[in-house]
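Engineer: Supplied in structure tokens, the structure appears directly below.
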2 protein chains.
Amino acid sequence: MSGLRAQKKADKNRRILEAATTLFRKVGYDSARIEDIAEMAGVSVGTFYNYYKNKGDMLMATVSMEVEEVLAAGEGIIAKKHDQVAGALLELIGKYYDHSLTYLSKEMWRTAMSLSIAQPETPFSKRYTALDHRLSKQVCDLFRSLQDRGIVRKDVDCTATGELVFNNVNMMFIEFVKDEEMNVDGLKDQVARQNIPLADLVSQAS
Amino acid sequence: MSGLRAQKKADKNRRILEAATTLFRKVGYDSARIEDIAEMAGVSVGTFYNYYKNKGDMLMATVSMEVEEVLAAGEGIIAKKHDQVAGALLELIGKYYDHSLTYLSKEMWRTAMSLSIAQPETPFSKRYTALDHRLSKQVCDLFRSLQDRGIVRKDVDCTATGELVFNNVNMMFIEFVKDEEMNVDGLKDQVARQNIPLADLVSQAS
DNA sequence: CTCAAAAAATGAACACGTTCAATATTTTTT
DNA sequence: AAAAAATATTGAACGTGTTCATTTTTTGAG
């Protein structure tokens, strides 16, 4: 008879997560009340809080899944045999942006970003920040890979350049999720415009 | 006897603003309750909402003052006769950072940023975003000014570079306000490390 | 001066995220 | 299998930002 408790627990966990993500996407994060999520999951409000620290924590599961997938895809892009900086860079950035709305709506992204800034000491914020840093590191890795291949000039500081580029990518993404009118292609165009000059500057003359 | 109403109104407006900024700095934004602000200002809670749309709106007056001042200081820096890109750029960025905690605490900045991301359709967010864009434009202006002076290479896209640099400056500032341990000098060091290589790349060989 | 209309002030009521003391269920001990 | 201990569930109550019907104050026309 042992394990009954563990089984119920796993089941409820799944039901709550499912209810929350469904409601977040359907009516938006703000309009999805804990009471509604709990009801849809067939538990009480109190039980919701036994499983998740707070409403914001529910988002992190989704954000995390999203970023993990895009990081994996990014590794594949870095491994490719690129022959020019701009092309490689825009492919990586494009992948980030293309993937970004797979699991999360713009509103969910805004909420996640907003929470991570407003309450930096929470586990939520720390996890969000850690994911950001891994993305930043991946852009640096791309530059290093291109440098090893002789595509990027030997005297370029790959960490400095990578951080600069990623921070711009990130800031532009913030503008993107703030503007419901803006689409991914418009975002990619703007970022291409900003980065192509830099890509040219760091390129090894052939 | 006319104007009594207008006079009272102006007086209350001032008292509420004063009470709010005092409390925000003293006990923090979150802990400063509307009830406390209203009491300190000698009005009722309802009256507070007659004067300000919501709590977040109270921050914008301060943010606005802060950014306006730094923009004015920035103009002075651009007007100087710089002889190298890195020096000019770091002076402008340094001024931004040095000034940033004059009126606002890190917590107030976090709240302002958080609000502007979470609710992009509010007047608050629109005003915040507009200030950001003016700062971004100012960095572009610096590059253009240096280019006219022959310090920056003729073939550099000043808008692209300026936006790239400013977005990095902004993102690093977000990291700064998220980390209570980090001081302004540490921030400036990191940003210098990121930007000096770029400054070198765009510099006109003399 | 009077008084009706306009403007402003008020605070009780509301909404919703969160907490917690009481209750119920499951597991372990004897 | 009964009792005790451990764990989980519950929903009413709380805190705080915000709203709104009611009351108070101010204004200006007659």
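Please treat every number below as a calculation from the coordinates, not as lab data. No experiment lies behind these values; they were computed from the predicted model shown. Every residue, glycine among them, receives a Cβ derived from its backbone with ideal geometry; neighbour counts consider all protein chains shown.
Engineer: What is the sum of charges, Lys and Arg at +1 and Asp and Glu at -1, for the other residues whose Cβ falls under 13 Å from the Cβ of A:Glu69? The partial results should precede the final answer.
Structural biologist: Numbers: positive: A:Lys95, A:Arg134; negative: A:Glu66, A:Glu68, A:Glu75, A:Asp98.
Neighbourhood net charge equals -2.
Engineer: Note down the relative contact order for chain B as a percent, whole number, built from C-alpha pairs under 8 angstrom at least six residues apart. Present the calculation step by step, with values, prior to reporting the outcome.
Structural biologist: Numbers: 185 pairs, mean separation 40.7, N = 206.
Relative contact order of chain B: 20 percent.
Engineer: Can you compute the equivalent ellipsoid semi-axes for segment A:19-83, i.e. the square root of 5 times each eigenvalue of the Cα gyration tensor, sorted largest first and rounded to whole Å?
Structural biologist: Values: eigenvalues 245, 28, 13 Å².
After scaling each eigenvalue by five and taking roots: 35, 12, 8 Å.
Engineer: Let me ask another. Measure nothing fancy, just the Cα-based angle from helix B:4-27's long axis to the longest principal axis of chain B, in degrees from 0 to 90, nearest 10.
Structural biologist: Helix B:4-27 and the main axis of chain B meet at about 60 degrees.
Engineer: Looking only at other chains, what is the average number of their beta-carbon atoms within 10 angstrom of each beta-carbon in B:178-189?
Structural biologist: On the way: counts 9, 3, 2, 0, 0, 0, 0, 0, 0, 0, 0, 0.
Averaged over the peptide's residues, the number is 1.
Engineer: Enter the angle in degrees (range 0 to 90, nearest 10) between the Cα long axis of helix B:85-99 and the first principal axis of the Cα atoms of chain B, meaning the one along which they spread out most.
Structural biologist: Helix B:85-99 sits at roughly 10 degrees to that axis.
Engineer: Mind pulling the angle between the C-alpha long axis of helix B:106-118 and the longest principal axis of chain B? Nearest 10 degrees, somewhere in 0 to 90.
Structural biologist: Approximately 90 degrees, to the nearest 10.
Engineer: Long-range amide H contacts for A:Val152: which residues qualify at under 5 Å (H placed 1.01 Å from N, peptide plane, sequence gap of 5 or more or a different chain)?
Structural biologist: Counting only residues 5 or more places away or on other chains, the set is A:Gln147, A:Gln204.
Engineer: Moving on to the next point. Relative contact order, percent, of segment B:52-169 when contacts are C-alpha pairs under 8 Å separated by at least 6 residues? Don't skip to the answer; put the middle values down first.
Structural biologist: Values: 95 pairs, mean separation 34.7, N = 118.
Relative contact order for segment B:52-169 comes out at 29 percent.
Engineer: Related question: For B:Arg149 paired with B:Gln204, estimate the spin-label separation in nm (one decimal), with each label point 7 Å from Cα along the Cα-to-Cβ line.
Structural biologist: My value for the distance between the label points is 1.1 nm.
Engineer: Suppose only helical runs count, i.e. DSSP H with n ≥ 4. What mean residue ellipticity at 222 nm does that imply for chain B under -39500 (n - 2.57) per run, divided by all residues and rounded to the nearest 500 deg cm²/dmol?
Structural biologist: That comes out to -26000 deg cm²/dmol.
Engineer: Give me the distance between the Cα centres of segment B:117-158 and segment B:8-74, rounded to whole Å.
Structural biologist: 28
Engineer: Shortest first and in nm to one decimal, what separations exist between A:Ala79 and its copies in the other chains, measuring from label points 7 Å along the Cα-to-beta-carbon line?
Structural biologist: List, nearest first: 5.8 nm.
Engineer: Now for a different question. Quick one: Debye curve from the C-alpha atoms of segment A:33-177, no solvent, what's log10 I(q)/I(0) at q = 0.11, 0.13, 0.18 Å⁻¹?
Structural biologist: After summing over all Cα pairs, the log10 values are -0.50, -0.65, -1.03.
Engineer: While we're on this one: Kindly list the residues of segment A:82-108 that lie in the label zone of A:Ala61, defined by a backbone N under 17 Å from the point 7 Å along the Cα-to-C-beta vector.
Structural biologist: Inside the label zone: A:103-105, A:108.
Engineer: What does the copy distance list look like for A:Lys26, label position 7 Å along Cα→Cβ, in nm and ordered from shortest?
Structural biologist: A:Lys26 label point versus its equivalents elsewhere: 4.7 nm.
Engineer: While we're here: Once label points are set 7 Å from the Cα along Cα→Cβ at both A:Arg33 and B:Arg14, what is their separation, rounded to one decimal in nm?
Structural biologist: According to this spin-label approximation, the distance is 4.4 nm.
Engineer: Kindly give Rg over Rh for the protein assembly as shown, based on alpha-carbon atoms, with the Kirkwood expression for the hydrodynamic radius. Provide the component values of the computation, followed by the final result.
Structural biologist: On the way: Rg = 24.0 Å, Rh = 23.6 Å.
Computed over Cα atoms, the ratio is 1.02.
Engineer: Right, here's the next one. Find every distance from the label point of B:Glu180 to the corresponding label point in the other copies (7 Å from Cα along Cα→Cβ) and write them in nm, one decimal, shortest first.
Structural biologist: 3.6
Engineer: Would you mind listing how long segment A:130-205 runs along its three principal axes, going by Cα atoms, in whole Å with the largest first?
Structural biologist: That gives 41, 29, 15 Å along the principal axes, largest extent first.
Engineer: Would you mind putting A:167-177, A:145-155, A:4-14 in packing order, based on average other-beta-carbon counts within 10 Å, highest first? If you can, show how the numbers build up before the last one.
Structural biologist: Working: A:167-177: 21.7, A:145-155: 15.8, A:4-14: 11.2.
In decreasing order of mean packing, A:167-177, A:145-155, A:4-14 become A:167-177, A:145-155, A:4-14.
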